[in-house]
Amino acid sequence: MVYSPGPDFEQRLAAFASPTFERLRPGQRLVLSKYGADHLDTPDLAIEMPTGEGKTLLALLIADWALDQGRSVAYLTGTRQLAERVEEEADKLGLDVVRFAAKDYGGAKLDDYHQAQVVGVMNYWVYFNSKPVPQPADLLIFDDAHLAEQPLSSLQTLRIPDKIGLARDLYRTICDFVVAHTDAYPACARCETAQRYLGRHPSCCRSVTGQRFRERRMMPSLSLYTSTIRTSSGFGPRFEIT
């Protein structure tokens, strides 16, 4: 078995000859060293660093290394503005990226991304939707991973309003089902009891019954999270920055 040393990220940074990013900070050096030594094949990895410690540069260097391995890379952010900021940082580094936005893909940009020639930068909504244009990447980078919750959960959410008619019948049928199978929603149980014995919802429950019931809250967060990760190889890998 031939030993293959991990990537030398300091050397890779120096090769860019970026006037903005001349050397790694101690914290960056430590994280990248640990990543290169122990986590190149880790399917799901979260890296947490204080604000201002240069997490974006870490992610870009890891993305650059992944491209050299022939792997496509998608760098996901919470907003379009954050995607633009990542694009600016990549330009300062000298790393080729393409930024995707709604109705802004461009045939050449998509081809370069799909062929692992450049990093695809976009917000979560562009990547996670019912009809995504960019294909699943081999490596996903989550910038501020907690911001992915809304677009991910929206794909697994069924909203049923408590309105007079068939919608209310369906709403209450589902509420009965939830109450019968879990005690995790005591407010829902109180409302159903009040409806059954009082014939109406008490005021303390109106704020609950007047809201849309979300089917995704019946699912464990882990199941929701992993079932919606789009990568070309199935469920990973993904790389999170928090």
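May I ask you to list the residues in region 12-26 that are part of a loop (DSSP other than H, G, I, E, B) and either buried (at least 16 other Cβ atoms within 10 Å of the Cβ) or not basic (Lys, Arg) (or both)? First the steps, then the outcome.
Residues of region 12-26 that are part of a loop (DSSP other than H, G, I, E, B), as a first pass: 17-25.
Of everything in region 12-26, those that are part of a loop (DSSP other than H, G, I, E, B) and either buried (at least 16 other Cβ atoms within 10 Å of the Cβ) or not basic (Lys, Arg) (or both) turn out to be 17, 18, 19, 20, 21, 22, 24.
Restricted to region 149-168, and to residues there that are modelled with pLDDT of 80 or more and among the hydrophobic types (A, V, I, L, M, F, W, C), the residue that is nearest to residue 132 (Cα to Cα) is 152.
For region 105-115, the criterion of being assigned by TED's automatic domain parsing to the domain that holds residue 130, at pLDDT 95 or above and either in contact with a helix residue (DSSP H, G or I) (Cβ under 9 Å, 6 or more places away or on another chain) or of a type in the set (S, T, N, Q) (or both) is satisfied by at least one residue. Against the condition aliphatic (A, V, I, L, M) and at pLDDT 75 or above, how does residue 198 come out, does it pass? When the stated conditions are applied, residue 198 does not pass them. The lone criterion from (1) modelled with pLDDT of 95 or more; (2) surrounded by 13 or more Cβ atoms within 10 Å (Cβ to Cβ); (3) not charged (D, E, K, R) left unmet by residue 45 is number (1). For the residues 90, 83, the requirement of being hydrophobic (A, V, I, L, M, F, W, C), buried (at least 16 other Cβ atoms within 10 Å of the Cβ) and under 26 Å from residue 41 (Cβ atoms) singles out 90.
The values are calculated or read from the model by the stated rules, or taken from the named source; none is laboratory data. What you see is a predicted model; the values in this text were computed from it and never measured. All Cβ positions, even for glycine, are placed from backbone atoms using ideal geometry, and neighbour counts span all protein chains on display.
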